[in-house]
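Colleague: The structure's right below; bear with me while I get my questions together.
FYI, it's all coordinate maths here, none of it is from the lab. These numbers were taken from a predicted model, which means no experiment stands behind them. Cβ placement follows ideal geometry from the backbone for every residue including glycine, while neighbour counts extend to all protein chains displayed.
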Amino acid sequence: QVQLVESGGGFVQAGGSLRLSCAVSGRTFSSYGMGWFRQAPGKEREFVAAVSRISGSTYYADSVKGRFTISRDNAKTSVYLQMNSLKPEDTAIYHCAASRSGYGGARTSMYDYWGQGTQVTVSS
């Protein structure tokens, strides 16, 4: 069973930075496409960023372009989300997800495995 465990969330003032990590169990991490999603109270889960195994291409939601960076370390079986210039509207629970297809994308249906999430709170 593949397990994803997020860490690195916390409380930060607007304009600050956080780095989220997602550790993935199993020996096939390098074959997965990986994504980050977030869910704020009362809202649907939304796409944040993804990285494809196939091409290494990265994808971002318009709301985070230029502020967030997704990266992966296959040797550490981990994916990261560097978040800079944080805004109060970035407040949410952040989840990482893995896709067996190897592709990363914006649709939740593309992903097979999900972590429990880590809370990010940005104060104004």
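Colleague: Suppose each label sits 7 Å from its Cα in the direction of the beta carbon; what would the Ser109-Ser25 distance come out to in nanometres?
Modeller: 2.9
Colleague: Under 19 Å between alpha carbons, and skipping anything fewer than 8 positions from Lys65 in its own chain: which lysines qualify?
Modeller: Lys65 reaches Lys87.
Colleague: Moving on to the next point. How high is the relative contact order of the chain, in percent, counting Cα pairs under 8 Å that sit 6 or more residues apart?
Modeller: 37 percent.
Colleague: Which value in Å does the Kirkwood hydrodynamic radius of the chain take, with 1/r averaged over all unlike C-alpha pairs and then inverted?
Modeller: Taking the inverse mean of 1/r over all distinct Cα pairs, the chain comes out at 14.1 Å.
Colleague: Using Cα positions and a limit of under 17 Å, work out the aspartates and glutamates in reach of Lys76, with same-chain residues fewer than 8 apart set aside.
Modeller: Glu6
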